[in-house]
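The values are calculated or read from the model by the stated rules, or taken from the named source; none is laboratory data. Note that the structure is a prediction, hence the values are computed from the model and not measured. A quick note on method: Cβ atoms are made from the backbone with ideal geometry, for glycine too, and the neighbour counts reach across all protein chains shown.
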Amino acid sequence: MATGVERGDGLVNLGTPLFTCELGGGVDALSTQLVEVRVTPGDELLLVVDASGVDAALFAIVWGEPALSGPVGEVSLLELEWQPLSSLPGDTLAWSSAHGGELLLGGRPCDAALLMRAPAAIRVRVPTGRERFVAECGFDASALPGPLARARCSVYRAPT
């Protein structure tokens, strides 16, 4: 699985992630990982997903209830402006239960999420008064990958 992000005409190494987790397919596909990362207002965060194995890129990787919180309260990433990185062929979709339907994360309903098909990445700036990024990563439980699928969810501070 590659770890890079666009800059100009290609991808560059991002260095050490602030957070990374591996997701497995098959019987492990309902497992989720809690994400909690300390951030600084003004930081640009990169949320990156990579996948490997049979058909892994066909399945949605979920960042459930993604939010930035701090002394001034919490804001959902779905309420902020974020940008997909165009050099990666995967896609990203903001999903909310307010639009109807149901999304399952770890076998439980999830009200708001970013759905990403690997390889994909988005960039979001941390607003003033926010000090933590929190989310729950896993596969969309409505269509689980087979046992050979693997995915990685990572959070990076964008290179300056």
Quick one: residue 110 ticks every box in (1) in contact with a Phe, Trp or Tyr (Cβ under 9 Å, 6 or more places away or on another chain); (2) under 17 Å from residue 48 (Cα atoms); (3) of a type in the set (A, V, I, L, M, F, W, C) except a single one, so which number is it?
(2)
Tally the residues that are modelled with pLDDT under 95, among the hydrophobic types (A, V, I, L, M, F, W, C) and more than 13 Å from residue 31 (Cβ to Cβ), restricting the search to the stretch 125-147.
1
Take residues that are closer than 22 Å to residue 23 by Cβ and tell me which of the strands (runs of 3 or more DSSP E) falling wholly in the stretch 66-144 contain 2 or more.
82-84, 91-96, 103-105, 108-110, 112-117, 120-125, 132-139
Can you tell me which residue within the stretch 4-55, out of those that are assigned to a loop (DSSP other than H, G, I, E, B) and among the aliphatic types (A, V, I, L, M), is modelled with the lowest pLDDT?
54
For a quick check of your reading of the model, give me the residue pairs whose first member lies in the stretch 137-155 and is more than 24 Å from residue 97 (Cβ to Cβ) and aliphatic (A, V, I, L, M), whose second is modelled with pLDDT under 90 and not in a loop (DSSP other than H, G, I, E, B), with beta-carbon atoms closer than 6 Å and at least 6 apart or on different chains.
149/56
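Quick grid of which residues meet (1) among the hydrophobic types (A, V, I, L, M, F, W, C); (2) at negative phi; (3) at pLDDT 90 or above; (4) surrounded by 18 or more Cβ atoms within 10 Å (Cβ to Cβ):
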position: 74; (1), (2), (3), (4): no, yes, yes, no
position: 81; (1), (2), (3), (4): no, yes, yes, no
position: 85; (1), (2), (3), (4): yes, yes, no, yes
position: 90; (1), (2), (3), (4): no, yes, no, yes
position: 95; (1), (2), (3), (4): yes, yes, no, yes
position: 98; (1), (2), (3), (4): yes, yes, no, no
position: 101; (1), (2), (3), (4): no, no, no, no
position: 113; (1), (2), (3), (4): yes, yes, yes, yes
position: 119; (1), (2), (3), (4): no, yes, no, yes
Being within 15 Å of residue 114 (Cα to Cα), in contact (Cβ under 8 Å) with a residue 24 or more places away in the chain and surrounded by fewer than 23 Cβ atoms within 10 Å (Cβ to Cβ) is true for just one of 65, 44. Which residue is that?
65
